[in-house]
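The values are calculated or read from the model by the stated rules, or taken from the named source; none is laboratory data. A quick note: this is a predicted structure, and the numbers were derived from the prediction, not measured. Neighbour counts run over all protein chains shown; Cβ positions are idealised from the backbone, glycine included. Just so you know, the surface numbers come from the protein's heavy atoms only, side chains and all, with ligands and any DNA or RNA stripped out. Shrake-Rupley method; radii C 1.70, N 1.55, O 1.52, S 1.80 Å.
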Amino acid sequence: MRWWDIAPVLELEHELFPEDAWSAGMFWSELAHARGPGATRHYVVAESFENGEGRLVGYAGLAAAGGLADVQTIAAARDQWGTGLGARLLTDLLKHATAFECDEVLLEVRVDNTRAQKLYERFGFEPIGFRRGYYQPGNVDALVMRLTVQEHVQGTEETD
């Protein structure tokens with residue numbers, strides 16, 4: 001994600017999360033930490049190309065620090081639901097969590113968003129708690145989920 005993606009991201013953000021959409025300033029702040037040797041964020045967008053025109057259809061973001069990553073946001077346009085886009089976006093975030101050398105990945109998801117919860121469970125995330133009234137102004141609880149990143153090092157076993 002780059003600065004020029006913020007306007008179309010905001011359109012999708014307001015469509016999908018009308019009550020608790022992020023502001024432009026929030027995305028600008030996140031992108032300010034996504035470049036350079038000290039980067040602690042990774043943001044990505046997905047585009048669909050039809051009739052020679054590109055359209056932003058999804059985005060996702062990750063924050064990392066001290067061996068812990070947090071999925072900040074992930075969204076796919078409604079017409080992309082069921083296409084695997086959410087899984088591709090999450091896969092990208094998890095690859096970057098590994099690149100940031102994180103041992104765990106956390107996320108919050110609305111308790112009423114069972115579609116997203118099922119996606120996260122397919123990736124191995126497990127529920128670890130709740131944050132009461134986390135999503136405002138609707139006062140909706142968040143389910144906190146965690147994935148323990150396990151590195152599989154191949155070719156290191158000694159053989160006789």
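Rounded to the nearest 10 degrees, the inclination of helix 85-99 to the longest alpha-carbon principal axis of the chain is 50 degrees. Comparing GLY52, GLY86, GLY129 in a Gaussian network model of the chain, where Cα atoms under 10 Å apart are tied by springs, the biggest mean-square fluctuation is seen for GLY52.
Using the Cα coordinates of the chain, the gyration tensor eigenvalues translate into equivalent-ellipsoid semi-axes of 27, 20, 17 Å, sorted from longest to shortest. Under the criterion of Cα pairs below 8 Å and six or more residues apart, the relative contact order for region 26-160 equals 17 percent.
Subtracting the Cα-Cα distance of GLU50 and SER23 from 0.36 nm times their residue separation leaves 6.9 nm of extension gain. Among the GluC sites (Glu not before Pro) in region 1-104, those placed in a DSSP loop whose Cβ has at most 15 other Cβ atoms within 10 Å are GLU19, GLU101. Taking trypsin sites (Lys or Arg not before Pro) in DSSP loop conformation with at most 10 other Cβ atoms inside 10 Å as exposed sites, the chain has its longest uninterrupted site-free stretch at 36-160. Probing with 1.4 Å while keeping every protein chain in the model, the per residue accessible area of the chain equals 61 Å². In the chain, helical runs assigned H by DSSP with n ≥ 4 each contribute -39500 (n - 2.57); averaged across all residues and rounded to the nearest 500, the mean residue ellipticity at 222 nm is -8500 deg cm²/dmol. For THR83, the accessible area of its heavy atoms, probed at 1.4 Å with every protein chain present, is near 70 square angstrom. Note on region 11-72: the C-alpha convex hull projects to 5.5 nm² when averaged across all orientations.
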